[in-house]
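Right, one structure below, let's go through it.
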Amino acid sequence: AQTVTQSQPEMSVQEAETVTLSCTYDTSESNYYLFWYKQPPSRQMILVIRQEAYKQQNATENRFSVNFQKAAKSFSLKISDSQLGDTAMYFCASDVGNTPLVFGKGTRLSVIA
Amino acid sequence: EAQVTQNPRYLITVTGKKLTVTCSQNMNHEYMSWYRQDPGLGLRQIYYSMNVEVTDKGDVPEGYKVSRKEKRNFPLILESPSPNQTSLYFCASSLFWTSRYNEQFFGPGTRLTVL
């Protein structure tokens, strides 16, 4: 069974600084998708960024980027120039195709003014 | 506006009183699913549906039922709720049955408390 592990239950960062959230996953599949979802205090689940495993280039969406290390099965999220609105719970998730999306347990990020 | 709607958003009920949480999407998505979110456990899938009249169990289906009579609707039914079903519930949909081609769109969540 595939698993997704987020080893940091909570993190904090000063406004305008950079923070990296860790995620590791386990799958025997060669092709899959990885996702980072953001859940702000409103509880809405918002897709932040996604990465296709067969693409070597790391995905980037404005201030959000990933460091995808396929051999190490690592998929970390980097948030640059952190803003107060980035305060949220962040979930890493994997999709290997034949099974439903699997989520990690989440990392609660607090951005401090 | 493309969206997934859930009702109610908040519900407090008592043990054993049957309830239904509705979920509806207006994007003609084939795939719909229900998750529950609990502190320290992340999101866990309860049931999913790949299309009309096709449903299957997720990771934590005990105590829940679903139906998919129409493509747009996917209600979650708790026949006899118990306190351990107190949780935050999300409905989600995507165009195809995996997320790999399309992101999953989530509803706003339903906070359920069973006393």
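Things to note:
- Too-long pairs where the Cα-Cα distance tops 29 Å, listed order kept, from A:LYS38/B:LYS57; A:LYS78/A:LYS105; A:LYS78/B:LYS57; A:LYS73/B:LYS71: A:LYS78/B:LYS57; A:LYS73/B:LYS71
- Between the alpha-carbon centres of segment A:32-89 and segment B:29-46 there is a gap of 19 Å.
- Relative to the Cα centre, the charge distribution of segment B:38-103, modelled as +1 at Lys and Arg Cβ and -1 at Asp and Glu Cβ, gives a dipole magnitude of about 220 debye.
- In this rough spin-label picture, where each label sits 7 Å from Cα along the Cβ direction, the A:GLN56-B:ILE12 distance is 5.8 nm.
- Residue (of A:ALA93, A:LEU109, A:VAL13) at the positive-pole extreme of chain A, dipole from beta-carbon charges: A:ALA93
- Computed over chain B, relative contact order equals 36 percent, with contacts defined as Cα pairs under 8 Å that lie 6+ residues apart.
- Hits among aspartates and glutamates - C-alpha to C-alpha of B:LYS69 under 13 Å, sequence gap 8 or more where chains match: B:GLU30, B:GLU53
- Label-point separation in nm, B:ALA2 to B:ASN84, each point 7 Å along Cα→Cβ: 3.9 nm
- A straight Cα-to-Cα reach below 16 Å connects B:LYS18 with the lysines B:LYS65, residues fewer than 8 places away in its own chain not being considered.
- Chain A: most fluctuating residue of A:SER65, A:SER12, A:SER74 per GNM, C-alpha cutoff 10 Å: A:SER12
- B:LYS57/A:GLU29 FRET efficiency (R0 22 Å; Cβ-Cβ; nearest 0.05): 0.55
- By the rule of a C-alpha distance below 17 Å, with chain neighbours fewer than 8 residues away ignored, the aspartates and glutamates paired with B:LYS17 are B:GLU62, B:GLU79.
- Percent of C-alpha pairs per 5 Å bin, chain A, short to long: 2, 13, 24, 25, 19, 10, 5, 1, 0
The numbers here are math on the coordinates, done by the rules we state, and not lab data. Everything numeric here is computed off the predicted structure, so don't read it as measured data. Glycine gets a Cβ as well: all are built from the backbone with ideal geometry, and neighbour counts include every protein chain shown.
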